[in-house]
Amino acid sequence: MKKIDLHIHTKATISDAEFEFDHKKLLGYVTTMHIDSIAITNHNIFDKVQFREIQKELTDVIVFPGIEVDLCGGHILLITDCEYIDLFEAQARQVNTFITSPKDSLIYEQFCNIFSDLDRFLIIPHSGKEPKVPFNVIQQLGDKVFAGEVTSPKKFIYAIKDSQALTPVIFSDSRLTSFTTTFSSQQTFVDIGDMTLNSLKGALHDKNKVSLNEDGGHDLISIQNGEIKLSTGLNIILGRRPPVKLIHYK
């Protein structure tokens, strides 16, 4: 099993809150959480120079170039191979020319004109996560879309059991800064050998090859930087007990 997080932000944009990315925290994140592969997916932009720097720093992790695009009022991830990075960089620049305010969003025709080579991408819309890509847009994309991002283990399990739902994935959607103290436990395990884009696409076609934990099951999740595993079927309260007030009766 390989552990993946294909939704990581490293640049502040007009579509995102201001933050200052910390390279060391990203290294700490992938090391502490034992992540095998990540994708850099900033809002409507792709910074090739920064991407190459991250690749050099994360020598034990496969890093894919990607982008999170505002599409028809929702968000959609596009992840590609490094061999197409120059073409992808040019496509990302086109996206950026249309997104000039936080409320801007590509219409379907603009999206397809820019990304006329969608077969080269792993495409993951927000399906169980806001803002969702409209269902009719996902239908228009047809068999090019087979996985959808969700926000919680509960939604993940619902999608796994629903034969009509996209293969669910959970990612951190992280913005790692020098102030980050606890790492997200939002990752997905995939049953593949070599970590390639084609292998990922093949695995995400099959719900039996995705899981919430390294054992291939859907009933456990990790928290506290991976140190604690909890059942998805339990309601749990973590933290210190409130102080107890002692009353002495005479």
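Structural remarks
- Of the residues in segment 33-41, at least one is open to solvent by less than 10 Å² (accessible area, probe 1.4 Å), at pLDDT 95 or above and in contact with a Ser or Thr (Cβ under 7 Å, 6 or more places away or on another chain).
- Index of the failed condition, THR100 passing every other in (1) among the β-branched types (Val, Ile, Thr); (2) within 26 Å of ARG52 (Cα to Cα); (3) open to solvent by less than 30 Å² (accessible area, probe 1.4 Å): (3)
- When each of VAL150, VAL133, VAL169, VAL145 is tested for being among the hydrophobic types (A, V, I, L, M, F, W, C), without any contact (Cβ under 8 Å) to a residue 24 or more places away in the chain and touching a Ser or Thr at 6+ places or on another chain (Cβ under 8 Å), the lone residue that passes is VAL150.
- Filtering segment 78-97 to residues that are open to solvent by 80 Å² or more (accessible area, probe 1.4 Å) and closer than 17 Å to PHE64 by Cβ leaves GLU83, ASP86.
- Qualifying positions in segment 175-220 - in a strand (DSSP E or B) and small (Gly, Ala, Ser): SER211
- Count of residues meeting criterion [open to solvent by 30 Å² or more (accessible area, probe 1.4 Å) and farther than 12 Å from LYS2 by Cα] in segment 202-219: 7
- Of all the numbered requirements in (1) buried (at least 16 other Cβ atoms within 10 Å of the Cβ); (2) touching a strand residue (DSSP E or B) at 6+ places or on another chain (Cβ under 8 Å); (3) not polar (S, T, N, Q), LYS25 misses one, and that requirement is (2).
- ILE67 vs. criteria at pLDDT 95 or above and either in contact with a helix residue (DSSP H, G or I) (Cβ under 8 Å, 6 or more places away or on another chain) or farther than 21 Å from MET195 by Cα (or both): yes
- Residues considered: LEU197, LEU166, LEU176. Of these, the only one that is modelled with pLDDT of 95 or more, touching a Phe, Trp or Tyr at 6+ places or on another chain (Cβ under 7 Å), closer than 25 Å to ILE62 by Cβ and open to solvent by 30 Å² or more (accessible area, probe 1.4 Å) is LEU166.
- Number of positions in segment 35-60 that are under 16 Å from the mean Cα position of the chain (by Cα) and either more than 26 Å from THR97 (Cβ to Cβ) or aromatic (Phe, Trp, Tyr) (or both): 5
- Out of ILE14, ILE107, ILE85, one residue alone is at pLDDT below 95, farther than 17 Å from SER172 by Cα, touching a strand residue (DSSP E or B) at 6+ places or on another chain (Cβ under 9 Å) and not aromatic (Phe, Trp, Tyr). It is ILE14.
- Test: residue in segment 111-123 that is in contact with a Gly (Cβ under 7 Å, 6 or more places away or on another chain) and among the aliphatic types (A, V, I, L, M): no
The values are calculated or read from the model by the stated rules, or taken from the named source; none is laboratory data. These numbers come from a predicted model, not from an experiment. As a convention, Cβ positions derive from the backbone with ideal geometry for all residues, glycine included, and neighbour counts pool all protein chains shown. Accessible surface is based on the protein model in full, side chains and every heavy atom, while ligands, DNA and RNA are left aside. Shrake-Rupley method; radii C 1.70, N 1.55, O 1.52, S 1.80 Å.
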